[in-house]
Amino acid sequence: MSSSKRVGILRFLGTNCDRDVWQALESVGLTPQWLWYQDRFDPKDFVAFVLPGGFSYGDYLRCGALAAKATVMDSLREGVKRGIPTLGICNGFQILCDSGLLPGALVRNLGLRFIDDWVRLELVNSCPFFVGRPTEQNLFRLPIAHGEGRYYIEEDGLKRIQDRGQIWWTYKENPNGSIGDIAGVKNEAGHVVGLMPHPERALFDWMGGSAGRQFFETLL
């Protein structure tokens, strides 16, 4: 049975993991709703937002650059100001960084190759809205699929997010050259988060693992 908790899924031209996120939210009992890139919406109608993966605008200029300027992002910023939890996955993470809602940037993988694999992750600083109940060892296994997933931030910025507890996840075996092995970060307030791995692709054992469910169940 679905709960009355509505989660907005932002869709841009080139988003391609939106249906996967829809299914993930429904599978844990949440109520998803599409939010089109040209639309404005009332953030008070939602308990959370998700920006899915894909290749928004064909990664023209740089990943996430054009999506960050879309009309729907104006309403999202209002939601962020209200403290509504927001999750960016892969291209969604890139969009949040390019829009300034998260620190740093995602650039081409070290080795310049697209990587499609499963990775082990370590939870560094928990987020009460997404994975509020970490495993005993704080270790998760999730899939990745990206060509521009190498997290980068300048040295003073890296020290700042370390000191403020904004590093969310790190890779156990760094697949792409991310600085500090970083796979996901939070904003300073802790309610806007982004990561390169795809939790929506790890909901059941037959998918290769079920660790991704916790990212969505925590919103219930």
What figure in square angstrom, to the nearest 10, would you give for the accessible area of Ile115 with a 1.4 Å probe? 30 Å²
Where the accessible area of the chain is counted over protein heavy atoms with a 1.4 Å probe, how much of it, in %, is carbon and sulfur? 47 percent
Low-density loop positions, trypsin sites (Lys or Arg not before Pro), region 47-98 - DSSP coil, at most 13 other Cβ in 10 Å: Arg82
Can you bin the chain into rounded, prolate or oblate? Criterion: square roots of the alpha carbon gyration tensor eigenvalues sorted a ≥ b ≥ c, rounded for a/c under 1.5, prolate for a/b above b/c, oblate for the rest. rounded
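Could you work out how much longer the chain between Asp117 and Arg82 gets when fully extended? Use 0.36 nm per residue separation minus the Cα distance between them, nm to one decimal.
Working: separation 35, 0.36 × 35 = 12.60 nm, distance 3.61 nm.
Result for the pair: 9.0 nm of gain on full extension.
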Per DSSP helix of 4 or more residues, -39500 (n - 2.57); summed, then divided by the residues of the chain. What does that give at 222 nm, rounded to the nearest 500? -5000 deg cm²/dmol
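Please go through the residue pairs Lys44/Lys186; Lys5/Lys69; Lys44/Lys69; Lys69/Lys159 and name each one whose alpha carbons sit more than 24 Å apart in this structure.
Lys5/Lys69; Lys69/Lys159
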Accessible area of Thr170, 1.4 Å probe, to the nearest 10 Å²? 20 Å²
If I require 27 Å or longer along the helix axis, counting alpha carbons, and a Kyte-Doolittle average no lower than 1.0, what helices from the chain are left? Use full DSSP H segments. none
Heavy-atom accessible area per residue of the chain, all protein chains kept, 1.4 Å probe, expressed in Å², is 45 Å²
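Show Asp117, Asp205 ordered by accessible area, largest first, where the area counts protein heavy atoms only and the probe is 1.4 Å.
Asp205, Asp117
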May I ask you to rank Tyr57, Tyr152, Tyr37, Tyr171 by accessible area, largest first, using a 1.4 Å probe over the protein chains only? Tyr152, Tyr57, Tyr37, Tyr171
By accessible area of protein heavy atoms, probe 1.4 Å, what ranking do Trp168, Trp118 get, highest first? Trp118, Trp168
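The values are calculated or read from the model by the stated rules, or taken from the named source; none is laboratory data. Being a predicted model, the structure only gives us computed values, none of them experimental. Please note: Cβ atoms are built from the backbone with ideal geometry, for glycine as well, and neighbour counts cover all protein chains shown. Heavy atoms of the whole protein, side chains included, go into the accessibility calculation; ligands, DNA and RNA do not. Shrake-Rupley method; radii C 1.70, N 1.55, O 1.52, S 1.80 Å.
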